[in-house]
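Please read the structure below before turning to the comments.
The values are calculated or read from the model by the stated rules, or taken from the named source; none is laboratory data. The model shown is predicted, which means the values in this text are computed figures rather than measured ones. All Cβ positions, glycine included, derive from the backbone under ideal geometry; neighbour counts span all protein chains shown.
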Amino acid sequence: MKLIYQLGRLDANMEQQNFKIADDNGNGWSAELSSLFLKKYFQEKENTEVKAILLYPVSLPFNTMLLSESSKLDEKCKQEIEKIWENEDIYLNNPYDFFENYFPYAKEKDDIKIIHSIGNYLYGKGKENQKEIRFDSFYSDIVLEIFLDMLKRYLENKNLASEIYVDISSGHNIYISAMLEALGHFATFTNLRHWVDKSKRPKLFIAICDPILPGNKNVYNVYIEEQRFVVFFESPLTLGDIEKIRKISFISSKLKDNTLEILKRFLLVFSAIKNNTPLYLFDTDSIVDESDEVYELLFQIIEYIHGKLTESYTSSPKLDKNLCVKTINTLGFYLGVIDAINAFKILPYEPKKGVSIKDIKEKTKKLYNIFGLANNSDILEVELDKLEKTDKNTISNGYQIGELVNWQTYKQERICYQYQKNKGNMQRNFFCSLRP
C-alpha cells in the first residue's frame with residue numbers, strides 16, 4: 001500500500017490542473033492536486049492500493065479573497081465560510097465538520113488531517129467588516145501532529161504501507177518544512193523498528209510538480225525522488241531523558257510509571273548488546289518485555305500526545321518535541337531488538353543446565369551482525385577463545401556457564417589474575433553481566 005501526504009487547498013480558484021509524471025510519455029490526468037493525480041497514476045499503472053491524505057491548516061477559511069467577487073468557490077461552501085466568519089468558535093471547536101460536509105473539493109482523497117496554524121489572519125467582507133484572528137501555535141507541535149498521523153496510519157495498517165510519499169508542491173512554507181521533518185522522524189522510527197526483515201522498512205519519496213501559474217492550461221510535470229535515511233545501533237534516549245520524563249507533570253502517574261519501567265528495561269537490554277555483555281540476555285533474572293506490551297504502551301503514548309495537541313485549535317501546548325520523538329522512536333527500537341532476540345532464540349538459561357559457550361557465540365554473533373556491530377563480534381570471539389582455554393575445573397559441567405562454584409570468589413580471583421598477568425592493565429570481565 002502507498003500513502004501520499006500533501007497540504008490541501010482552499011482558495012478562490014479551485015480549478016483542476018493537468019499533470020503527468022516527468023520522463024513518462026504516457027497520458028496524464030487532471031486533478032485538483034498533484035497528490036490526487038499521483039493516486040490515479042499509481043492505481044492505473046500499478047493496480048495497487050493507494051491512499052491520499054490531505055493536511056488542512058485550521059486557518060484556511062480565514063482569507064478575505066474566499067468571498068470576493070472574483071471567487072469561484074462553490075456557493076454552499078461560500079455560505080458556510082460566511083457562517084464561520086460570523087461565529088469562529090463553532091468552527092474552531094470542530095473544524096473537521098466544515099471540511100467533511102461543506103467542502104466539495106478533492107473528492108478523490110481518502111482522509112484529512114486538520115493541523116494547527118501560526119500567526120495572524122485577516123477575514124471579513126469589505127474593509128469595514130474586516131476582522132483578525134490569531135493562532136498561537138508552535139512549529140514543533142505541527143511537526144509532532146504530522147509525525148503522529150503518519151505513525152498511527154502505519155501501525156494501524158500493521159506495517160503494510162510499503163511506500164510513503166510527501167508531496168511538497170503546495171509551496172515553501174512552515175507546513176512543508178514540518179512535513180519534511182516529520183518524514184525524517186518517521187524514517188528513523190521504521191528503520192529502528194525493522195532489523196530482522198529490513199524489507200519491512202517502507203520506501204520514502206518526495207514529490208513536487210512544476211510551478212502552477214493561474215490561467216495556464218499547460219501539463220505540469222510531477223517529479224519523484226526517493227529519500228534514504230540511515231540509522232545506527234544507538235539509543236535515541238539517554239538516562240537524562242528518563243529523568244525529564246519523570247518530571248513531566250501533565251502525564252498520568254500510571255502511564256508515566258509504565259513508560260519509565262519499560263524504557264529502563266530497554267536501556268539495560270540495549271547496553272548489554274552495545275557494551276558486549278551478552279550474558280545479560282541469557283540471565284534468568286533479566287527481563288525482556290513482550291512485543292505486545294511495548295506496542296500497547298506505544299499506542300497509549302501516541303493517543304495521549306494526540307489528545308494534548310487537539311485540546312485547542314487556536315493554540316498548541318508546546319510539547320517537548322524532541323523528548324516525544326525520542327520516546328516513541330526508542331519504543332520502536334525496542335520492538336526491533338525484541339524481534340531480533342526472538343528470531344535468534346536467545347532465551348533465559350535453565351539454572352541447572354546453564355548456557356553453552358557455543359550458544360553464546362553463535363546467537364550473539366548473529367545479533368551483532370544484524371545490528372552492524374562488527375567490532376563487538378571480534379571482541380566476543382577473542383573473549384570466548386580465552387574462556388575456552390580456562391581450566392575446566394573452574395567451571396562445572398564442562399563449558400557451561402550457569403552453575404559456577406563459589407561465584408563471587410571465582411570472579412574476584414579471575415579479576416586479580418588478569419590484573420597481575422597484565423601488570424595493572426585490567427581487561428574487561430566477560431562474566432560481569434551475570435549475578436551469582
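The residues of segment 194-219 that are at pLDDT below 95 and of a type in the set (Gly, Ala, Ser), listed by number, are 199, 215.
Which of the residues that make up segment 191-237 are among the polar types (S, T, N, Q) and more than 14 Å from residue 162 (Cα to Cα)? Result: 216, 218, 221, 235. Residues that are basic (Lys, Arg) and modelled with pLDDT of 95 or more within segment 115-151 comprise just one, 134. Screening residue 355 with (1) assigned to a helix (DSSP H, G or I); (2) in contact with a strand residue (DSSP E or B) (Cβ under 6 Å, 6 or more places away or on another chain) gives one miss only, at (1). Among the residues of segment 123-146, those that are within 22 Å of the chain's Cα centre (by Cα) and either of a type in the set (Val, Ile, Thr) or surrounded by fewer than 21 Cβ atoms within 10 Å (Cβ to Cβ) (or both) comprise 138, 139, 140, 142, 143, 146.
Within segment 79-132, being among the hydroxyl-bearing types (Ser, Thr, Tyr) and touching a residue at least 24 places away in the same chain (Cβ under 8 Å) holds for 91, 102, 105, 117, 121, 123.
Within segment 170-193, being at pLDDT below 95 and crowded, with 20+ Cβ neighbours inside 10 Å holds for one residue alone: 170.
Cβ-Cβ contacts under 6 Å between residues 6 or more apart (or on different chains), taken from a first residue in segment 212-227 that is under 23 Å from residue 12 (Cα atoms) and in the same structural domain as residue 11 (by TED's automatic domain parsing) to a second residue that is basic (Lys, Arg) and surrounded by 14 or more Cβ atoms within 10 Å (Cβ to Cβ), are listed as 219/20.
When residue 112 is tested against (1) over 29 Å from residue 220 (Cα atoms); (2) at pLDDT 95 or above; (3) surrounded by 13 or more Cβ atoms within 10 Å (Cβ to Cβ), exactly one condition is not met: (1).
Starting from residues that are among the acidic types (Asp, Glu), in a loop (DSSP other than H, G, I, E, B) and in contact (Cβ under 8 Å) with a residue 24 or more places away in the chain, keep the ones in segment 281-324 and report whichever is farthest from residue 136 (Cα to Cα). Out of the qualifying residues, it is 283. Of all the listed residues (207, 161), the sole one being part of a strand (DSSP E or B) and either buried (at least 17 other Cβ atoms within 10 Å of the Cβ) or touching a residue at least 24 places away in the same chain (Cβ under 8 Å) (or both) is 207. Residue check, residue 187 against (1) in contact with a strand residue (DSSP E or B) (Cβ under 8 Å, 6 or more places away or on another chain); (2) more than 30 Å from residue 268 (Cβ to Cβ); (3) aliphatic (A, V, I, L, M); (4) not in a loop (DSSP other than H, G, I, E, B), all met but one. Which one? The number of the failed condition is (2).
Filtering segment 79-109 down to residues that are basic (Lys, Arg) and closer than 28 Å to residue 31 by Cβ, which residue is surrounded by the fewest Cβ atoms within 10 Å (Cβ to Cβ)? Here the answer is 107. Might you check whether a residue that is exposed (fewer than 15 other Cβ atoms within 10 Å of the Cβ), at pLDDT 95 or above and of a type outside the set (S, T, N, Q) occurs anywhere in segment 241-257? No, every residue in segment 241-257 fails to be exposed (fewer than 15 other Cβ atoms within 10 Å of the Cβ), at pLDDT 95 or above and of a type outside the set (S, T, N, Q). Can you name the residue in segment 254-269 that is in contact (Cβ under 8 Å) with a residue 12 or more places away in the chain and among the charged types (D, E, K, R) and is also nearest to residue 338 (Cα to Cα) among such residues? In this case the residue turns out to be 265. Evaluation of residue 23 against the conditions (1) under 30 Å from residue 157 (Cα atoms); (2) of a type in the set (D, E, K, R); (3) in a loop (DSSP other than H, G, I, E, B) shows that the sole unmet condition is (1). Taken over segment 276-304, the criterion of being of a type outside the set (Asp, Glu), surrounded by fewer than 17 Cβ atoms within 10 Å (Cβ to Cβ) and modelled with pLDDT under 90 is satisfied by 284 alone. With the structure loaded, tell me whether residue 196 is surrounded by fewer than 12 Cβ atoms within 10 Å (Cβ to Cβ) and in contact (Cβ under 8 Å) with a residue 24 or more places away in the chain or whether it fails that test. Answer is no for this residue.
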